[in-house]
Amino acid sequence: MIKKRTIPFYRDIRILKYLWQAIFGLFVFGGFVYLMNNMVAGLQKQGVTLGISFMNGIASFDIGEQLIPYTRTDSYTRAFLVGILNTLFVSIVSIIFATILGFILGIARLSNNWLVKNLSRAYLEIFRNFSLLVFLMFWYLGVFLKLPKIQESIIWFDQIYLTNRGVAIPWFIPGDTFSGFLVLLAAAFVLSVGLSLLLKRKFRKINDLQLLLFTFLFLLLAAFLGYYTLATKPFIIDLPFITDTKIKNLKGGVILSPEFMALATGLVLYTAAFIGEIVRAGILSVSKGQFEASKALGLNNWLTLRLIVIPQALKVVIPPLTSQYLNIIKNSSLGIAIGYSDVFYISSTIINQSGHAVEAIALVMATYLVFSLSTSLFMNWYNKKNKLVER
Amino acid sequence: MSTSVIHPPETKLAPLAWLKLNLFNTWWNTLLTFASIWLVYTLSKGILVWVFTEAEWQVVDANLRLFLVGQFPIDQIWRIWIILIFLALLSGSALAIWARNSKKLAIGMALTPLLLALLPFEWSERFWLVGVSLSGVLGWYLASGIGSKVKPLLYTGIGIWFPVSIILLSGFSNSSLTLTEVGTNLWGGLLLTMILTIGGIIFSFPLGVLLALGRRSNLPAVKYFSIGYIELVRGVPLITILFMAQLMLPLFLPAHVTIDRVLRAQVGIILFSAAYLAENVRGGLQAIPNGQFEASHALGLDAFQTTWLIILPQALRIAIPMLVSQFIGLMKDTSLVAIVGLFDLLGIAKTVLAQPEFIGLQREVYAFISIFYWIISYGMSYLSQKIETAVGLGER
């Protein structure tokens, strides 16, 4: 008689799989429950109850800089929103300038000019090895707070005032006809794109650069016409100046606080070094044969760059570039060390005032997670769209 | 059989021709060259004038000990030297075993403490520095003398170095033993920075490897837990995690357990670093071809043996350059603990600037510690490259 041989359950891979997962899940869940219990017990001892409703309370603290109206009688939620906007503001400004500087550095690193190449290389080597926080502290305490008083401010080109109370730059104030001006510009844009497409169909020889130039000139012309023909000026350029009152003050233009300037400068100079390295790697990733083949096909320098090099380099450059942008957003939280009122700084003030540490930290983390998750969603979409089509 | 390679003839240019080719070959390059010369001139002039005539460096000179070890008691500083001598012994023997052929690297490492001794330190400190150098040389010759039998000894030494150091530094609260207790509130400066860095590296490494393996696991529960953890931590800034560790770690633990502030920061750094490490290790794991798994299964190795003996050694080898640069980032990031109130290099800088006689010297102090971080960071990357080539990493 043949006995039916069965595998004991503790050696059966089909069962083991679930067993292991159950044990793991139990372990994680148990640990979580244990920590939560401790936390709730600890909070009860302190007399704090968990809940988000405290965010409706009155903030009663001032915020150094704000993009939307805010007073100390507003709620914590409003203060938090001010913080988010400040984070986005400094991040976007830093991203723009870091990208420009980074691309210049990356391209300069591959220049055939010996001096330019090595200067750029020195920059990349030096700035990548600084500690960002120390670097920011240096810019804030060592540079921007050490600028002269308002009376003795350094003035660049008669327009930009550098003082220890902030940096004032010219800005514009929209006038009554500003909305009309915008409509005019939009119309001009549509018209110029239509015209250029028409031109392209008519004269095939026109290339994209010329079309771009054409559109740009058309827009410039429209702006010029609009500025001088509208009944009142669409906007006034507002220059900063020092008041004549007894206590000197900066007025006019836009005044950027020393905290903002230090944070933005530090982030730009530091991140540009990483972006430079990324751009260099991207250009180098296009093999030499591609250049040569393109030359052999009779494409000129511009077309080689536009049709052959940039599309291939971009595939290599964009993913790490996005993660650098994300790093800028996350690193802007270091503003707390120099007193820039970003979302993290404001939440730590909220924690100090309300005592709701758990909820406030959870809110901040959720905010940053939204930024990073939306970035990685974009990344996935981009990668899928630009996947190299291979045979 | 050797292949003979015919090198192309080297072109040697006269200086003038070199200048013309590299700096002035087109009008555009000429313009760039002059612009660069102007830039270099203005920048270096400004910096040099400040460094040599305006800056008041006595703030650094007067507080050098604070920068290096913080408030660590003067009469207990020998403990730190013992730790360094032990480290030198281990490095010397490690170099002798794995990098026999690169004598230059070993000599350079042995000479560094001697060169430091030339700086204006006190005589006792110079004596210790010479001791560190000699200990390294001793380690080299000991390891060469004993040969391959020294390996288990060396592994044990490396294994116990960090725990022994921590015990030696903190001492015992029981006064019957000779080592008096030095509380972590007295650890500071470069010492604390290095402890947080090394502790972070040692403990985040196994955690990161486990997370990386978990992320590639075919058990959904493990996989999604790992993904969730990694993405959550990578999505938030380090400072939020440090804040959470400072404020919430005591809450998470039972009421009777108290946790040291330095330890809280260390836990925060480890949890943060592990997530990034996991991604780097995953990069290494993905580079291992499927054939390795299949071959290992065909040889009858089980899942654990496959991972431990076949996959991980190869994956980690691939990941080493990425791991090194991550560890450098970790070192630079430890400065964030100053925000939560610890006295690491940056925290000490703040206390130095709070002394009434040094008010207003922010530029000097921050420039100094910036350079300090820079040297460590650059040194780590330089040394790791040297060691990678010396031990023949990447060659088979």
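Looking at B:Leu207, B:Leu249, B:Leu190, B:Leu211 in this structure, which one is in contact with a helix residue (DSSP H, G or I) (Cβ under 6 Å, 6 or more places away or on another chain), closer than 30 Å to B:Phe368 by Cα and either more than 9 Å from chain A (Cβ to nearest Cβ) or not in a helix (DSSP H, G or I) (or both)?
Working: B:Leu207 fails: closer than 30 Å to B:Phe368 by Cα; B:Leu249 fails: closer than 30 Å to B:Phe368 by Cα; B:Leu211 fails: closer than 30 Å to B:Phe368 by Cα.
Among B:Leu207, B:Leu249, B:Leu190, B:Leu211, only B:Leu190 is in contact with a helix residue (DSSP H, G or I) (Cβ under 6 Å, 6 or more places away or on another chain), closer than 30 Å to B:Phe368 by Cα and either more than 9 Å from chain A (Cβ to nearest Cβ) or not in a helix (DSSP H, G or I) (or both).
Of the residues B:Leu16, B:Leu66, B:Leu31, which single one is modelled with pLDDT under 90, surrounded by 14 or more Cβ atoms within 10 Å (Cβ to Cβ), assigned to a helix (DSSP H, G or I) and of a type in the set (A, V, I, L, M)? Explain how you work it out, then say what you get.
Working: B:Leu16 fails: surrounded by 14 or more Cβ atoms within 10 Å (Cβ to Cβ); B:Leu31 fails: surrounded by 14 or more Cβ atoms within 10 Å (Cβ to Cβ).
Of B:Leu16, B:Leu66, B:Leu31, the one residue that is modelled with pLDDT under 90, surrounded by 14 or more Cβ atoms within 10 Å (Cβ to Cβ), assigned to a helix (DSSP H, G or I) and of a type in the set (A, V, I, L, M) is B:Leu66.
Which of the residues spanning region A:339-357 are buried (at least 17 other Cβ atoms within 10 Å of the Cβ) and within 11 Å of chain B (Cβ to nearest Cβ)?
Across region A:339-357, the qualifying residues are A:Asp342, A:Val343, A:Phe344, A:Tyr345, A:Ser347, A:Ser348, A:Ile351, A:His356, A:Ala357.
Take region A:171-187 and flag every residue that is in contact with a strand residue (DSSP E or B) (Cβ under 6 Å, 6 or more places away or on another chain) and either of a type in the set (D, E, K, R) or closer than 30 Å to A:Gln151 by Cβ (or both).
Answer for region A:171-187, where residues must be in contact with a strand residue (DSSP E or B) (Cβ under 6 Å, 6 or more places away or on another chain) and either of a type in the set (D, E, K, R) or closer than 30 Å to A:Gln151 by Cβ (or both): A:Trp171, A:Phe172, A:Ile173.
Within the group A:Ala108, A:Ala98, which residue is at negative phi and more than 20 Å from the chain's Cα centre (by Cα)? Walk me through it before giving the result.
Details: A:Ala98 fails: more than 20 Å from the chain's Cα centre (by Cα).
Exactly one of A:Ala108, A:Ala98 is at negative phi and more than 20 Å from the chain's Cα centre (by Cα), namely A:Ala108.
Rundown of residues vs (1) of a type outside the set (Lys, Arg); (2) away from every other protein chain (no Cβ under 13 Å), yes/no style:
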site: A:Leu314; (1), (2): yes, yes
site: A:Val317; (1), (2): yes, yes
site: A:Leu321; (1), (2): yes, yes
site: A:Leu326; (1), (2): yes, no
site: A:Lys330; (1), (2): no, no
site: A:Ala337; (1), (2): yes, no
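Out of all the residues in region B:295-306, which are assigned to a helix (DSSP H, G or I) and loosely packed, with under 11 Cβ neighbours inside 10 Å? Even if it seems obvious, please write down each step before you answer.
Taking region B:295-306 first, the residues assigned to a helix (DSSP H, G or I) are B:295-298, B:303-306.
B:Ala298, B:Phe304, listed by residue number.
Which number in (1) under 27 Å from the mean Cα position of the chain (by Cα); (2) not in a helix (DSSP H, G or I) marks the one condition that A:Ile155 misses?
Against the list (1) under 27 Å from the mean Cα position of the chain (by Cα); (2) not in a helix (DSSP H, G or I), A:Ile155 comes up short only on (1).
Among residues belonging to region A:41-86 that are over 29 Å from B:Leu249 (Cα atoms), of a type in the set (D, E, K, R) and loosely packed, with under 14 Cβ neighbours inside 10 Å, point out the one that is nearest to the other protein chains (Cβ to nearest Cβ).
It comes out as A:Asp62.
Report yes if some residue within region A:187-200 is facing chain B (nearest Cβ under 10 Å) and either more than 30 Å from A:Trp302 (Cβ to Cβ) or not charged (D, E, K, R) (or both); otherwise report no.
The first filter runs over region A:187-200 and keeps only residues facing chain B (nearest Cβ under 10 Å), leaving none.
Looking for residues that are facing chain B (nearest Cβ under 10 Å) and either more than 30 Å from A:Trp302 (Cβ to Cβ) or not charged (D, E, K, R) (or both), one finds none in region A:187-200, hence no.
Might you check whether a residue that is outside the structural domain of A:Ile160 (by TED's automatic domain parsing), of a type in the set (Phe, Trp, Tyr) and surrounded by 13 or more Cβ atoms within 10 Å (Cβ to Cβ) occurs anywhere in region A:267-290?
no
Would you be able to say whether some residue in region A:87-109 is part of a loop (DSSP other than H, G, I, E, B) and buried (at least 17 other Cβ atoms within 10 Å of the Cβ)? Even if it seems obvious, please write down each step before you answer.
As a first pass, look at region A:87-109 and keep what is part of a loop (DSSP other than H, G, I, E, B): A:109.
Narrowing further to those that are buried (at least 17 other Cβ atoms within 10 Å of the Cβ): A:109.
Yes, some residue in region A:87-109 is part of a loop (DSSP other than H, G, I, E, B) and buried (at least 17 other Cβ atoms within 10 Å of the Cβ).
Need pairs with beta-carbon distance below 9 Å; first residue in contact (Cβ under 8 Å) with a residue 24 or more places away in the chain and within region A:18-40, second in a helix (DSSP H, G or I); sequence gap 6+ or separate chains.
Every condition considered, the pairs that remain are A:Met39/A:Val358; A:Met39/B:Met248; A:Met39/B:Leu251; A:Met39/B:Phe252.
Out of all the residues in region A:123-138, is one or more away from every other protein chain (no Cβ under 14 Å) and under 25 Å from the mean Cα position of the chain (by Cα)? Reasoning before the result, please.
Start the filter on region A:123-138 by keeping residues that are away from every other protein chain (no Cβ under 14 Å), which leaves none.
No, region A:123-138 contains no residue that is away from every other protein chain (no Cβ under 14 Å) and under 25 Å from the mean Cα position of the chain (by Cα).
Here's the yes/no breakdown for (1) more than 30 Å from B:Asn185 (Cα to Cα); (2) outside any helix (DSSP H, G or I); (3) within 14 Å of chain A (Cβ to nearest Cβ); (4) touching a helix residue (DSSP H, G or I) at 6+ places or on another chain (Cβ under 8 Å):
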{"site": "B:Ala245", "(1), (2), (3), (4)": "no, no, yes, yes"}
{"site": "B:Val267", "(1), (2), (3), (4)": "no, no, yes, yes"}
{"site": "B:Ser273", "(1), (2), (3), (4)": "no, no, no, yes"}
{"site": "B:Leu285", "(1), (2), (3), (4)": "yes, no, no, yes"}
{"site": "B:Gly291", "(1), (2), (3), (4)": "yes, no, no, no"}
{"site": "B:Ile310", "(1), (2), (3), (4)": "yes, no, no, yes"}
{"site": "B:Leu316", "(1), (2), (3), (4)": "yes, no, no, yes"}
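Examine region A:382-389 for a residue that is surrounded by 15 or more Cβ atoms within 10 Å (Cβ to Cβ) and in a helix (DSSP H, G or I), and state whether such a residue exists. Break it down stepwise before answering.
Quick first cut of region A:382-389, residues surrounded by 15 or more Cβ atoms within 10 Å (Cβ to Cβ) only: A:382.
Narrowing the set further to residues that are in a helix (DSSP H, G or I) leaves A:382.
Checking region A:382-389: at least one residue is surrounded by 15 or more Cβ atoms within 10 Å (Cβ to Cβ) and in a helix (DSSP H, G or I).
Among the numbered criteria (1) in the same structural domain as B:Gln286 (by TED's automatic domain parsing); (2) at pLDDT 85 or above; (3) surrounded by fewer than 17 Cβ atoms within 10 Å (Cβ to Cβ), which single criterion is violated by B:Gln246?
That leaves (3) as the condition not met.
It is to be established whether one or more residues within region B:79-100 are among the polar types (S, T, N, Q), crowded, with 16+ Cβ neighbours inside 10 Å, in a helix (DSSP H, G or I) and in contact with a helix residue (DSSP H, G or I) (Cβ under 9 Å, 6 or more places away or on another chain). Steps first, answer last, please.
Applying the first criterion (among the polar types (S, T, N, Q)) to region B:79-100 yields B:91, B:93.
The next check asks that each one be crowded, with 16+ Cβ neighbours inside 10 Å; those that pass are B:91, B:93.
Next cut, in a helix (DSSP H, G or I) only: B:91, B:93.
Right, trim to in contact with a helix residue (DSSP H, G or I) (Cβ under 9 Å, 6 or more places away or on another chain) and you get B:91, B:93.
Yes.
The values are calculated or read from the model by the stated rules, or taken from the named source; none is laboratory data. Just so you know, these numbers come straight off a predicted model, no measurement behind them. Positions of Cβ are backbone-derived with ideal geometry, glycine not excepted, and every protein chain shown enters the neighbour counts.
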